[in-house]
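Below: the structure, in structure tokens.
The values are calculated or read from the model by the stated rules, or taken from the named source; none is laboratory data. Here the structure is a predicted model, which is why all the values come from computation and not from measurement. No Cβ is skipped: glycine too gets one built from the backbone with ideal geometry, and neighbour counts run over all protein chains shown. Ligands, DNA and RNA are stripped out before the accessible areas are found, and what is left, the full protein with its side chains, is counted by its heavy atoms. Shrake-Rupley method; radii C 1.70, N 1.55, O 1.52, S 1.80 Å.
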Amino acid sequence: MTGNTGHFLRVDLTVDSISLFEPPPNYYTRFVGGSGLAAKLFWENGDFKADALSPESLLIFALGPFAGLRLSGASRFSAAARSPLTGHWADSSCGGNFAPELRFAGFDGILISGVARVPSILVVTDHSARIESSPELWELGVEAATASLKQRFGRSYKTLVIGPAGENLVKFACIMNDGHDAFGRAGLGAVMGSKRLKAIVLKSSNKDLLVADQAKCRELVTELNNRVKESVTLNVMKENGTAANLEGGVHLGDVPIRNFTSNFWEDMSDALTGSTLSEKYLIRGANCAFCSVACKRIVQIDEGPFAIPKGPGPEYETIAAFGSLLGSMDLAAVCKAGRVCNDLGMDTISCGATIAWVIEASEKGHIGADQSDGLKVKWGDIQTVIDELLPSIAQKRGKLGALLAEGSVAAARRIGRNSNEYTVHSKGLEAPMHDPRGGGHGLALTYSVSHRGACHVSSPMLFMEMGACYYPEIGFDYELEPLSSENKPESAVVAMTLGALENSACMCQFADREITIPEWVQLFNVVAGLDWEIDHMMKAGRRIFYLQRLINYRYGLRAKDDHLSPRLLTPAVDGAPEGIEIDFEKMKTKFYKLMDLDQISGIPSKKTLQDHNLELEADTILGE
Amino acid sequence: MEFWKDETEPIKAFIELFERAKHDTELAEGLKKVNQLIWFDYTEDGPSCSFHVDCRGGDVKVAPGKPSDQPDLTMSLSADDAHRSWSNKLNPVMAITRKKIRIKGSATGLLKLAPKLKKVAVIYSGTLKDLGWESKILS
């Protein structure tokens with residue numbers, strides 16, 4: 001086997017056992033790796049009756065075939081589990097430096113079940129692993145725990161760590177890689193916390209990746225790396241990070257303001273944009289392993305109420321979630337809020353969105369003083385958010401902290417009184433910081449059919465509507481108008497298929513834009529030794545999409561759940577998209593037809609499943 | 001060329017556009033913030049079909065041809081696509097993706113001007129009208 005190693009670690013924390021697990025080789029061809037392979041392994045090994053936070057739940061880390069390749073954008077990996085936030089399938093993607101190291105250590109991933117008797121860590125080295133009890137790390141923030149692990153094992157060890165939020169089972173807790181990169185979404189940090197697994201540390205002495213055709217691979221990787229270095233858009237991101245075009249987004253109406261109640265705030269655009277972050281607080285850019293883009297930010301704020309020492313800075317999602325979404329244009333406050341969230345181990349998107357919900361619900365009289373412990377948070381008051389709310393949520397302290405730790409959807413359900421009118425989500429996952437009313441109507445469709453819930457990285461639709469994609473080889477040569485439904489269902493078919501591939505190959509969606517479809521196929525062939533044509537690759541993407549739908553079907557999701565909160569489908573009141581309606585149902589109906597999804601059950605026909613080599617899965621769901 | 005009789009026409013229109021933009025407070029401020037020497041290169045439509053804008057040092061100067069200094073940013077495209085672009089009828093991201101626009105140098109400054117393209121288009125339309133080229137205005 002090339003690219004992949006063929007080996008997973010299987011860890012049962014209850015009985016303190018570690019074994020080697022070898023997925024059948026054809027799983028790698030059929031489900032690629034990362035999100036797709038994790039779905040297949042979950043299908044076969046997961047307990048669908050198990051609560052997300054029970055010992056029986058399964059947490060999977062999975063690499064794509066390119067982890068370890070010295071290619072810009074290739075160093076991401078996936079984590080997957082039943083989400084405690086949404087109750088159904090979730091996968092999350094993380095950059096950083098862990099993925100290549102795990103591959104070099106001889107593994108394609110880790111399956112973790114059970115619960116440790118005492119807080120523990122998993123130590124992985126060349127072709128081996130062990131569980132160590134480490135109660136002294138419990139209750140430490142991500143920063144202190146990471147520093148402690150680096151001191152104990154050495155700076156070159158890579159770490160995955162949860163913070164207090166994960167330990168306390170906050171439903172949107174995340175997992176942090178070396179204190180900077182995150183498996184942010186859907187609460188996988190809480191799954192890890194429920195297993196009393198504080199951290200995974202990793203070191204390999206090997207630094208080589210075995211590929212199928214070394215000469216061709218070197219040639220292709222050189223070509224792609226050079227293209228990334230010359231890319232106009234990636235150079236802009238190198239200079240000003242992922243928020244480089246925040247100003248443009250504001251003028252399009254893409255950046256959400258005060259819990260998605262407004263689509264335009266001109267002064268904020270200049271205050272929060274990436275170039276302002278660079279001018280005011282940037283120390284340097286930082287990169288994931290082998291990536292020349294360096295879109296990550298290292299910032300420092302020397303003085304004022306939001307002073308922070310040199311360390312990870314916010315990317316676009318965090319800037320919007322703790323800036324415009326909360327009615328603030330204080331960039332220093334955003335930097336501090338992001339840093340605090342990282343240390344507590346909380347997803348900045350769901351956390352910001354849940355706080356935005358509570359501000360609006362309080363403002364409109366749905367939350368009384370008895371439910372908020374007397375705390376009153378207002379739009380733009382990030383000081384109170386940082387000092388009071390974030391620690392309360394992470395510790396589930398007081399009534400308000402415990403309420404918000406459940407996420408906005410569960411919190412609104414508990415409060416009642418129509419407070420769900422202010423939730424902005426799909427399938428229980430809070431929407432990211434791109435408002436489809438301004439960013440593009442296709443995004444509304446892909447948010448709704450994304451398996452984990454409202455998600456902007458489940459597909460490249462955002463880039464397609466911007467005009468940053470051109471794939472004539474697979475029929476995507478549309479010149480899309482963002483604020484229209486024209487050609488969006490057709491584009492969403494391509495987007496969801498490519499998204500499934502990208503998240504299974506574990507490639508970065510920014511760097512991916514520089515790779516043509518034939519080059520994608522070539523990458524799979526020269527690295528993993530496949531013999532693919534374009535059709536094989538696209539079929540694999542579609543297969544993964546269908547399998548993840550089947551998983552959600554087993555969790556009770558149906559076509560009606562492919563929907564968005566009413567707020568996202570209500571015409572904007574200002575900005576570029578003012579008054580424009582999204583023709584959502586029409587787009588969804590057409591998408592379902594093109595994907596052969598049943599309009600009630602939401603899953604494909606048996607024949608389509610069979611055509612995509614999902615016969616066994618079809619039998620499980622539809623009977624033999 | 002679809003919109004121009006010869007290579008002098010687009011340069012005349014574009015230089016006039018920038019001369020007018022300099023007198024619009026918002027656009028002038030935006031251009032100064034770019035702080036770059038930009039060469040708009042349309043030489044695929046003729047050797048003298050280009051102009052440059054020097055936004056360095058808090059001033060904005062516009063002149064025909066390639067600048068004598070090394071440009072910080074070069075944008076190469078056809079004069080027809082430039083006409084579409086100033087008329088706000090060309091998605092710049094799409095044009096870059098499809099290689100209709102080729103860029104050399106940092107596009108960060110230019111990105112800041114992208115939201116102002118609507119205003120530029122209004123001024124451009126007025127420019128064309130005043131030059132007697134109303135028929136070239138794209139609706």
In whole percent, and with a 1.4 Å probe on the protein chains, what portion of the accessible area of the stretch A:242-423 is carbon and sulfur? 47
Hz values of 3J(HN,Hα) by residue in the stretch A:316-328 - Karplus curve (6.51, -1.76, 1.60), Gly and Pro given as x: 3, 4, 5, 4, 6, 5, 9, x, 4, 4, 9, x, 10
Sorted list, accessible surface of protein heavy atoms, 1.4 Å probe, largest first, for A:TYR447, A:TYR27, A:TYR470 is A:TYR470, A:TYR27, A:TYR447
Over chain A, give the accessible area per residue in Å² for a 1.4 Å probe, as an integer. 34
With θ set to phi - 60° and the Karplus curve 6.51 cos²θ - 1.76 cosθ + 1.60, what are the ³J(HN,Hα) couplings of the stretch A:24-31 in order, to the nearest whole Hz, using x for Gly and Pro? x, x, 6, 5, 5, 6, 7, 10
Can you tell me the dipole magnitude for chain B around its Cα centre, using point charges on the Cβ only (Lys, Arg +1; Asp, Glu -1), in Debye to the nearest 20? 560
Label chain A by shape, choosing from rounded, prolate and oblate, from the square roots a ≥ b ≥ c of the eigenvalues of the Cα gyration tensor; if a/c is under 1.5 it is rounded, and otherwise prolate applies when a/b is larger than b/c, oblate when it is not. rounded
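Run the dipole for the stretch B:3-55 about the Cα centre, Lys and Arg Cβ at +1, Asp and Glu Cβ at -1, nothing else charged, and hand back the magnitude in debye, nearest 20.
Details: 6 positive and 12 negative charges, 45 e Å.
The calculated dipole for the stretch B:3-55 is roughly 220 debye.
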Linear extension gain, A:THR589 paired with A:SER19, 0.36 nm per residue minus alpha-carbon span: 200.6 nm
I'd like the carbon and sulfur percentage of the solvent accessible area for chain B, probe radius 1.4 Å, heavy atoms only, ligands and nucleic acids excluded. 51
Multiply the residue gap between B:LYS32 and B:LYS12 by 0.36 nm, knock off their C-alpha separation, and tell me the result in nm, one decimal place. 5.0 nm
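Report the gain in length on full extension from A:GLU266 to A:ASP208: 0.36 nm times residue separation, minus Cα-Cα distance, nm rounded to one decimal. Intermediate results must be reported in sequence, preceding the final value.
Values: separation 58, 0.36 × 58 = 20.88 nm, distance 4.94 nm.
My answer for the length gained is 15.9 nm.
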Inter-part distance where the stretch A:463-491 and the stretch A:291-351 are each reduced to a Cα centre, Å: 32
Name the residues of the stretch A:79-123 whose amide N is less than 20 Å from a point 7 angstrom out from the Cα of A:ARG414 along the C-beta direction? A:83-88
Area accessible to solvent at B:LEU27, 1.4 Å probe radius, in Å²: 10
For the stretch B:74-107 and the stretch A:194-231, what is the separation of their C-alpha centers, rounded to whole Å? 34
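Charges at C-beta only: +1 for Lys and Arg, -1 for Asp and Glu. How large is the resulting dipole of the protein assembly as shown about its Cα centre, in Debye rounded to 20? Could the numbers behind the result be given before it?
Numbers: 84 positive and 96 negative charges, 264 e Å.
It comes to approximately 1260 debye.
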Non-local residues with an amide H under 5 Å from the amide H of A:SER426, with H modelled 1.01 Å from N and Pro and chain starts lacking one, are A:ALA431, A:ALA454
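As an exercise, use a Förster radius of 35 Å and the Cβ-Cβ distance of A:GLU519 and A:THR570 to find the FRET efficiency, rounded to the nearest 0.05.
Working: r = 41 Å, r/R0 = 1.18.
With a Förster radius of 35 Å, E is 0.25.
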Listed by chain and number, the residues whose amide H is under 5 Å from that of A:THR159, excluding neighbours fewer than 5 places away on the same chain and using placed H, are A:ASP178
Cross-link reach list, lysines versus B:LYS61, counting only Cα pairs under 16 Å and skipping chain neighbours closer than eight places: B:LYS12, B:LYS22, B:LYS32, B:LYS33
Can you give the accessible area buried between chains A and B, summed over both chains, with a 1.4 Å probe, in Å² to the nearest 100? 1600
So what is the accessible area of the stretch B:8-127 per residue, in Å², with the probe set to 1.4 Å? 43
Cut-off 17 Å, label 7 Å out along Cα→Cβ of A:HIS7, residues of the stretch A:95-109 by amide N: A:99-109
Return the subset of A:LYS539/A:LYS606; A:LYS539/A:LYS593; A:LYS229/B:LYS89 for which the Cα-Cα distance in this structure is over 21 Å, preserving the input order. A:LYS229/B:LYS89
Rounded to whole angstrom, the alpha-carbon centroid of the stretch A:366-409 lies from that of the stretch A:21-50 at a distance of 39
Taking the chain alone as reference and the full protein assembly as comparison, with a 1.4 Å probe on protein heavy atoms only, the residues of the stretch B:56-99 that lose at least 40 Å² of accessible area are B:VAL93, B:MET94, B:THR97, B:ARG98
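Let me have the 222 nm mean residue ellipticity of the protein assembly as shown computed from DSSP H runs of 4+ only, each contributing -39500 (n - 2.57), with the sum over all residues rounded to the nearest 500.
Values: 33 runs with 312 residues, N = 763.
Computed mean residue ellipticity for the protein assembly as shown: -12000 deg cm²/dmol.
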Would you work out which of A:GLY179, A:ASN97, A:LEU197 lies farthest towards the positive end of the dipole of the stretch A:85-228? Charges go on Cβ: Lys and Arg +1, Asp and Glu -1. A:LEU197
As I understand it, the dipole of the protein assembly as shown uses +1 on the Cβ of Lys and Arg and -1 on the Cβ of Asp and Glu, about the Cα centre. Which of A:TRP520, A:PRO566, A:GLY313 lies farthest toward its positive end? A:GLY313
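As a test, work out the antiparallel percent of DSSP beta bridges whose residues both lie in the protein assembly as shown, rounded to the nearest 5.
Details: 60 of 75 bridges.
The antiparallel proportion sits near 80 percent.
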Enumerate the amide H contacts of A:MET346 below 5 Å, restricted to partners 5 or more residues apart or on another chain; note that Pro and chain-start residues carry no placed amide H. A:CYS174
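Set the Förster radius R0 to 30 Å, insert the Cβ-Cβ distance between A:PHE48 and A:GLU230 as r into 1/(1 + (r/R0)^6), and round the FRET efficiency to 0.05. All intermediate terms of the calculation are to be shown ahead of the outcome.
Values: r = 48 Å, r/R0 = 1.58.
Calculated value: 0.05.
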Ignoring ligands and nucleic acids, what accessible area does A:SER148 show with a 1.4 Å probe (Å², nearest 10)? 40
Over the stretch B:8-127, what is the percentage of antiparallel beta bridges among all DSSP beta bridges, to the nearest 5? 75
Put A:THR2, A:THR273 in order of accessible area, largest first, probe 1.4 Å, and you get A:THR2, A:THR273
Three-way shape call for chain B based on the alpha-carbon gyration tensor, with the a/c threshold at 1.5: rounded
Go through the stretch A:540-553 residue by residue and turn each phi into a ³J(HN,Hα) via Karplus (6.51, -1.76, 1.60, θ = phi - 60°); whole Hz please, and just put x for glycine and proline. 5, x, 5, 4, 5, 4, 5, 4, 5, 5, 5, 4, 5, 4
